[in-house]
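The values are calculated or read from the model by the stated rules, or taken from the named source; none is laboratory data. Keep in mind that this is a model prediction, so the values were computed, not measured. Glycine gets a Cβ as well: all are built from the backbone with ideal geometry, and neighbour counts include every protein chain shown.
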Amino acid sequence: MIDLSQVNQSLTHYLSFRYFIDAEYQSDGGMVHISDESGQIIASDLVVLSGQFSHWKGALVPLPQAALGNRIYIEFQFLSDFLEASSGGLYVDDIGIELAPER
């Protein structure tokens, strides 16, 4: 659980993470969902990840206003049609919340 109950709600906050994905383009992929502490979905399909990369990539996604001022859960979900069994899937690391993008 991530506690955003004390954040300044007038500022934009970002979900930051690094990911590696090896998936069948447009058939398999990862999604990010945010729910509150009761399990109610705040944002579904916040970002959709697909394709194949030979290296880790960074992502910076604005959090929806409804997430600010709450305790939230962030779910990374990988979905596959299982047609290309050799795909490696989705790996996520360095998850954080940032006030503003680093320059």
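Quick one: in the range 18-36, which of the residues that are modelled with pLDDT of 95 or more and more than 15 Å from Asp93 (Cα to Cα) is farthest from the chain's Cα centre (by Cα)?
Only one residue fits best here, namely Asp36.
If the Cβ limit is 6 Å and pairs must be 6+ apart or interchain, which residue in the range 57-82 that is of a type in the set (Lys, Arg) pairs with which residue that is assigned to a loop (DSSP other than H, G, I, E, B)?
That search, which allows pairs on different chains as well, returns Arg71/Met1; Arg71/Glu37.
Go through (1) at pLDDT 95 or above; (2) surrounded by fewer than 17 Cβ atoms within 10 Å (Cβ to Cβ) one by one and return the number of the condition Leu15 breaks.
It fails just one condition, (2).
Looking at Lys57 and the list (1) loosely packed, with under 13 Cβ neighbours inside 10 Å; (2) at pLDDT below 95, which single condition is not satisfied?
Condition (2) is where Lys57 drops out.
State yes or no: is Ile2 among the aliphatic types (A, V, I, L, M) and either at positive phi or touching a residue at least 12 places away in the same chain (Cβ under 8 Å) (or both)?
The answer is yes for Ile2.
In contact with a helix residue (DSSP H, G or I) (Cβ under 6 Å, 6 or more places away or on another chain) and within 26 Å of Ser10 (Cβ to Cβ), is that true of Ile72?
On the way: in contact with a helix residue (DSSP H, G or I) (Cβ under 6 Å, 6 or more places away or on another chain): no; within 26 Å of Ser10 (Cβ to Cβ): yes.
No; evaluated as a whole, the condition is false for this residue.
For Gly96, are the conditions met, namely being more than 16 Å from Ile21 (Cβ to Cβ) and not in a strand (DSSP E or B)?
Against the criterion (more than 16 Å from Ile21 (Cβ to Cβ) and not in a strand (DSSP E or B)), Gly96 does not qualify.
Right, Ser87: of a type outside the set (Val, Ile, Thr) and either exposed (fewer than 13 other Cβ atoms within 10 Å of the Cβ) or without any contact (Cβ under 8 Å) to a residue 40 or more places away in the chain (or both) or not?
no
Within the range 22-54, which residues are in contact (Cβ under 8 Å) with a residue 40 or more places away in the chain, touching a Ser or Thr at 6+ places or on another chain (Cβ under 7 Å) and crowded, with 17+ Cβ neighbours inside 10 Å?
If the condition is that a residue be in contact (Cβ under 8 Å) with a residue 40 or more places away in the chain, touching a Ser or Thr at 6+ places or on another chain (Cβ under 7 Å) and crowded, with 17+ Cβ neighbours inside 10 Å, then Ala23, Glu24, Asp28, Gly29 are the ones that fit.
Give Leu90, Leu99, Leu49 a once-over and let me know the one that is more than 13 Å from Tyr14 (Cβ to Cβ), more than 11 Å from the chain's Cα centre (by Cα) and at pLDDT below 95.
Leu90
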